[in-house]
Amino acid sequence: MSGRKVAIVTGGASGIGKAICNELASRNVFVVITDINETNGKRTEDELNKDGVYAKFICLDVTNEKMVRSVYSEIYSKYYRIDYIFNNAGFAMYGELYDMSIEHWEEIMDVNVWGVIYGTQFGYQLMKEQGWGYIVNTASAAGLGPSPLSAAYATTKHAVIGLTTSLHYEAENYGINVSTLCPTFVRTAAFDNAKAIKMDKLMMTNQLKKQKMMSPEKLATIAIDGVHKNKPIICPLPMRRTIDIMFSMFPFAHRMLMKLVCKVGREAKVTT
Ligand SMILES: NC(=O)c1ccc[n+]([C@@H]2O[C@H](COP(=O)([O-])OP(=O)(O)OC[C@H]3O[C@@H](n4cnc5c(N)ncnc54)[C@H](O)[C@@H]3O)[C@@H](O)[C@H]2O)c1
C-alpha cells in the first residue's frame, strides 16, 4: 500500500459511483467503496480485486454523522492519507410540492445534503492536516436552474453547489482541489431508484429515459480529469451556460421550456 493513493467513494456500489471506483482503480488508486447496499458493494469490491488489491467495501450510511466521521478517520489512521473523496451518494425525488410532506423533505435533505456535508466536513479537515487532496461532490444540472416537479431534488443539488463552489476557493490555499460534478442524464439505476410522490414512476422514468444518456464510465473520466484541472463546476454538457443564457437573454423561451417540463411531468401524475 505504501505510496499508493487512497480514495473514498460514497454511493460507490452503483452507477456513477461505481464507474468512479473502476476508473480510480485503473489509475492504481486504492478505493474504499462505501454504500448502504451491501450486496452491490461486495460485488463491486470482488470485481475490482479480480486482478490485485484495488478496493475494500465498507457499509456506510452517509446520513449517519458519527459513522461517517469514524469511517473517514479510521481510513486516515490506517493508510496515513486520503487523496480523493467523492461524496456521491444521492437519489432523486419527483412530485408536486403540494403532495410532499416534511418527512419527504427530511429524507432527501438527509442523504443529498447532510450526507455531502458530513463527507466534506470530516474529509476536508483530514486533507487540510495532510496538506493535499481532491474532493468531488456530486450535484446535478438540476442544481444549476429550476426543476419543476422535482423541487426538493433541485433544492438539495443547489445546496451542494453552494457548499462546493464556496469551498473550492477557500480550500485552494491549503493545496486541496474541490469540484462539484453536475451531470445531466447518465445511464444508471438512478431513475429506477428515484422516489415518486403521487406520480406514476414507470411513466416518469420512461419519459426521462428518452433523453440522450451519457455512460457512467465517460462521466467518471470527466469527473477525475475535471478535479485534477481544479474546475469549480464539472458540467459534462454545456447546460450551465445554456441555462444562464436562457435566463438572462431569453426569459420567455425559458418560461416556455419550464411550462413544457410541467406539462410532460404532469402526464405522469396519479390523481387518485
Ligand atoms: N444518473 C443521472 O442521470 C444523474 C444526474 C444528475 C445527478 N446524479 C447524481 O449522481 C449521484 C449518483 O447517482 P447514480 O446515477 O449513480 O444513481 P444510483 O442509484 O445508480 O447510485 C446511487 C447509490 O447511492 C447509494 N445510496 C443511496 N442512499 C445512500 C445512503 N444514505 N448512504 C450511502 N449510500 C447511499 C445507493 O445505494 C446507490 O448505490 C447521485 O447523487 C445523483 O443525484 C445522477
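The values are calculated or read from the model by the stated rules, or taken from the named source; none is laboratory data. The model shown is predicted, which means the values in this text are computed figures rather than measured ones. Note that each Cβ is placed from the backbone with ideal geometry, even for glycine, and that neighbours are counted across all protein chains shown.
Which residues, counting only those in the range 214-243, are at pLDDT below 95, touching a Leu at 6+ places or on another chain (Cβ under 8 Å) and assigned to a helix (DSSP H, G or I)?
Listed by number, the residues that qualify are 239, 240, 243.
Answer yes or no: is there a residue in the range 54-61 that is near the ligand (Cβ under 6 Å from one of its atoms) and either under 15 Å from residue 79 (Cβ atoms) or surrounded by fewer than 22 Cβ atoms within 10 Å (Cβ to Cβ) (or both).
yes
Are any of the residues in the range 214-230 more than 25 Å from residue 137 (Cβ to Cβ) and surrounded by 13 or more Cβ atoms within 10 Å (Cβ to Cβ)?
Applying the first criterion (more than 25 Å from residue 137 (Cβ to Cβ)) to the range 214-230 yields none.
No: the range 214-230 contains no residue that is more than 25 Å from residue 137 (Cβ to Cβ) and surrounded by 13 or more Cβ atoms within 10 Å (Cβ to Cβ).
Output the number of residues of the range 96-134 satisfying the condition of being hydroxyl-bearing (Ser, Thr, Tyr), touching a helix residue (DSSP H, G or I) at 6+ places or on another chain (Cβ under 6 Å) and not in a helix (DSSP H, G or I). Spell out how you get there, then give the answer.
Restricting attention to the range 96-134, the residues satisfying the condition of being hydroxyl-bearing (Ser, Thr, Tyr) are 98, 101, 118, 120, 124, 134.
Imposing the further condition that a residue be touching a helix residue (DSSP H, G or I) at 6+ places or on another chain (Cβ under 6 Å) reduces the set to 118, 134.
With the extra rule that they be not in a helix (DSSP H, G or I), the set shrinks to 134.
The total comes to 1.
How about the range 20-75: which of its residues are among the hydrophobic types (A, V, I, L, M, F, W, C) and within 14 Å of residue 87 (Cα to Cα)? Full working, then the answer.
Taking the range 20-75 first, the residues among the hydrophobic types (A, V, I, L, M, F, W, C) are 20-21, 24-25, 29-33, 36, 48, 53, 55, 57-60, 62, 67-68, 71, 75.
Within the range 20-75, 20, 21, 31, 32, 33, 36, 60, 62, 68, 71 meet the criteria.
Which of the residues belonging to the range 20-40 are within 16 Å of the ligand (Cβ to nearest atom) and surrounded by fewer than 24 Cβ atoms within 10 Å (Cβ to Cβ)?
As a first pass, look at the range 20-40 and keep what is within 16 Å of the ligand (Cβ to nearest atom): 20-24, 31-40.
Within the range 20-40, 22, 23, 36, 37, 38, 39, 40 qualify.
Could you please give the count of residues in the range 1-19 that are near the ligand (Cβ under 7 Å from one of its atoms), of a type in the set (A, V, I, L, M) and either closer than 20 Å to residue 80 by Cβ or out of contact with any Gly (no Cβ under 9 Å at 6 or more places or on another chain) (or both)?
Here the count works out to 1.
Which residues, taken from the range 123-147, are buried (at least 21 other Cβ atoms within 10 Å of the Cβ) and hydrophobic (A, V, I, L, M, F, W, C)?
127, 135, 136, 139, 142, 144
Report the residue count in the range 194-210 for those that are in a loop (DSSP other than H, G, I, E, B) and in contact (Cβ under 8 Å) with a residue 12 or more places away in the chain.
Quick first cut of the range 194-210, residues in a loop (DSSP other than H, G, I, E, B) only: 194, 197-198, 200, 209-210.
Right, trim to in contact (Cβ under 8 Å) with a residue 12 or more places away in the chain and you get 194, 197-198, 200, 209.
Number of matching residues: 5.
For the range 178-201, indicate whether the set of residues that are over 29 Å from residue 101 (Cβ atoms), surrounded by fewer than 16 Cβ atoms within 10 Å (Cβ to Cβ) and hydroxyl-bearing (Ser, Thr, Tyr) is non-empty. Reasoning before the result, please.
So in the range 178-201, the residues over 29 Å from residue 101 (Cβ atoms) come out as 178-179, 181, 187.
So of that shortlist, the ones also surrounded by fewer than 16 Cβ atoms within 10 Å (Cβ to Cβ) come out as none.
No, the range 178-201 contains no residue that is over 29 Å from residue 101 (Cβ atoms), surrounded by fewer than 16 Cβ atoms within 10 Å (Cβ to Cβ) and hydroxyl-bearing (Ser, Thr, Tyr).
I'd like the residue in the range 168-193 that is in a loop (DSSP other than H, G, I, E, B) and near the ligand (Cβ under 8 Å from one of its atoms) and, out of all such residues, is farthest from residue 237 (Cα to Cα). Quick ask: steps written out before the conclusion?
Going residue by residue through the range 168-193, those that are in a loop (DSSP other than H, G, I, E, B) are 175, 182-185, 187-189.
The next check asks that each one be near the ligand (Cβ under 8 Å from one of its atoms); those that pass are 182-185, 187-189.
On the way: 182: 9, 183: 8, 184: 7, 185: 10, 187: 15, 188: 17, 189: 20 Å.
So, considering only residues that are in a loop (DSSP other than H, G, I, E, B) and near the ligand (Cβ under 8 Å from one of its atoms), the one farthest from residue 237 (Cα to Cα) is 189.
Any residue that is without any contact (Cβ under 8 Å) to a residue 12 or more places away in the chain, over 25 Å from residue 95 (Cβ atoms) and not polar (S, T, N, Q) - is there at least one of those in the range 226-238?
The first filter runs over the range 226-238 and keeps only residues without any contact (Cβ under 8 Å) to a residue 12 or more places away in the chain, leaving 229, 238.
Restricting the remaining residues to those that are over 25 Å from residue 95 (Cβ atoms) gives 229, 238.
Among the residues that remain, those that are also not polar (S, T, N, Q) are: 229, 238.
There is at least one residue in the range 226-238 that is without any contact (Cβ under 8 Å) to a residue 12 or more places away in the chain, over 25 Å from residue 95 (Cβ atoms) and not polar (S, T, N, Q).
Taking only the range 70-92 into account, find how many residues are assigned to a helix (DSSP H, G or I), surrounded by 16 or more Cβ atoms within 10 Å (Cβ to Cβ) and of a type outside the set (Ser, Thr, Tyr). Step through it out loud before you land on a result.
Restricting attention to the range 70-92, the residues satisfying the condition of being assigned to a helix (DSSP H, G or I) are 70-79.
Applying the additional criterion that residues be surrounded by 16 or more Cβ atoms within 10 Å (Cβ to Cβ) yields 71-72, 75-76, 79.
Now drop any that are not of a type outside the set (Ser, Thr, Tyr), which leaves 71, 75.
Number satisfying all stated conditions: 2.
Here are some conditions: (1) touching a strand residue (DSSP E or B) at 6+ places or on another chain (Cβ under 8 Å); (2) outside any loop (DSSP other than H, G, I, E, B). Residue 67 meets all but one. Which one does it not meet?
Result: residue 67 fails condition (1) only.
For the range 141-167, which positions are within 15 Å of the ligand (Cβ to nearest atom), aliphatic (A, V, I, L, M), at pLDDT 95 or above and more than 25 Å from residue 83 (Cβ to Cβ)?
151, 152, 154, 159
Taking the range 122-140 on its own, how many of its residues are more than 15 Å from the ligand (Cβ to nearest atom) and closer than 30 Å to residue 191 by Cα?
Applying the first criterion (more than 15 Å from the ligand (Cβ to nearest atom)) to the range 122-140 yields 124-134.
Filter again for closer than 30 Å to residue 191 by Cα, leaving 134.
Summing the residues that are more than 15 Å from the ligand (Cβ to nearest atom) and closer than 30 Å to residue 191 by Cα in the range 122-140 gives 1.
Could you please give the count of residues in the range 176-192 that are without any contact (Cβ under 8 Å) to a residue 24 or more places away in the chain and under 15 Å from residue 156 (Cα atoms)?
If we filter the range 176-192 for residues that are without any contact (Cβ under 8 Å) to a residue 24 or more places away in the chain, which is where we start, we get 192.
Of the ones still in play, those that are also under 15 Å from residue 156 (Cα atoms) are none.
Final tally of qualifying residues: 0.
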